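The values are calculated or read from the model by the stated rules, or taken from the named source; none is laboratory data. The model shown is predicted, which means the values in this text are computed figures rather than measured ones. FYI the Cβ positions are ideal-geometry reconstructions off the backbone, even for glycines, and counts take in every protein chain you see. For the accessible areas, the whole protein counts, side chains as well, though only heavy atoms, and no ligand, DNA or RNA atoms are used. Shrake-Rupley method; radii C 1.70, N 1.55, O 1.52, S 1.80 Å.
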Amino acid sequence: MRTETFPTTRPLVVNVKLPRGEVAVETADVQEATVVLDGSGERAREQIERSEITFENRGDHDELVIDADPEDFGWSAGRVKLSISLGSRRDKVSVKIRVPHGTTLNTQTGAGDVHAQGRYGAVEAQTGSGDISIEEVERDAEIKVASGNVKITRVGGKLKAQTAAGDLRVGPVGGDAEVKSAAGDIHVEEVGGNATVHSASGDLRLGAVTQGKVQLKSVSGDMLVGVRRGSRVWMDVKTITGDARSELDAGDDDGDGPLVELKATAMSGDIRIVRA
């Protein structure tokens, strides 16, 4: 086991790079960042020993970098190069981090889950294989998963999420939302701005929209969209081998409320428009 602690009283950015294992982060009412690396097996212990943990003053913020395998990862312009080794020569390593509320979190894993509890300023998370769960994001969240499920409790700003295989469930999103999935169900509780949701195979559920452009596409899967009461709706809804129906009353388009421009297209699946 390896533990390191760094005092910080300014905004903090945390970058984590891990080929294989688990990243567990929590925020708290503290003025320090604590990192714990752990794992079993000789290769894991060697990997922990050579891992690079750095803490730097970046002028207007502090930056904590945890590189759990510098041999396999390249770090360029703040983004990971996709040269991740997923071979059996890597044992699982656990990275546990405790940081102040409002920390910006960037994580990249080859094969591993990411669990982030607490409140974050912004989050960018990427994994080749593993689940991602995040509680509260004050600003923007960007998620990319090759194989795994995604769960986010709330996003205050914009959401951009992409999964190849896995379900995605997100609470309210304050800004725009762009979500794409090759195979998996998508459920977004509410979107405050524009919404673009595409899935090749899976059900799409958009619990509530109030305004803006809403575009949904699915090859195989059912869709449900809820429109907030008081919003006007313009609809272009098409499904080839399914049923399309709206439960909005005929007089719902009257008034001067915000406008929702809704386009929903499905090859095989039902489309249902309801009042939220």
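Numbers for the structure displayed
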read-out: Violating pairs (Cα-Cα greater than 24 angstrom) within the set Lys158/Lys213; Lys96/Lys158; Lys180/Lys213; Lys144/Lys238; value: Lys96/Lys158; Lys144/Lys238
read-out: Å² of accessible area per residue within the chain, as computed with a 1.4 Å probe and no ligands counted; value: 47 Å²
read-out: Cβ-based charge dipole, the chain, positive-most Cα from Gly21, Val123, Val137; value: Gly21
read-out: Alpha-carbon centroid distance for the pair region 35-58 / region 173-205, whole angstrom; value: 36 Å
read-out: Theoretical ellipticity at 222 nm over the chain - DSSP helices of four or more residues, -39500 (n - 2.57) apiece, nearest 500; value: -1000 deg cm²/dmol
read-out: Region 175-254: C-alpha gyration tensor shape, a/c 1.5 cut-off, then a/b vs b/c; value: oblate
read-out: Estimated dipole of region 108-213 in Debye, rounded to 20 [Cβ of Lys and Arg +1, of Asp and Glu -1, Cα centre]; value: 180 debye
read-out: Total charge dipole magnitude, the chain, about the Cα centre, Cβ charges on Lys, Arg, Asp, Glu only, Debye to nearest 20; value: 440 debye
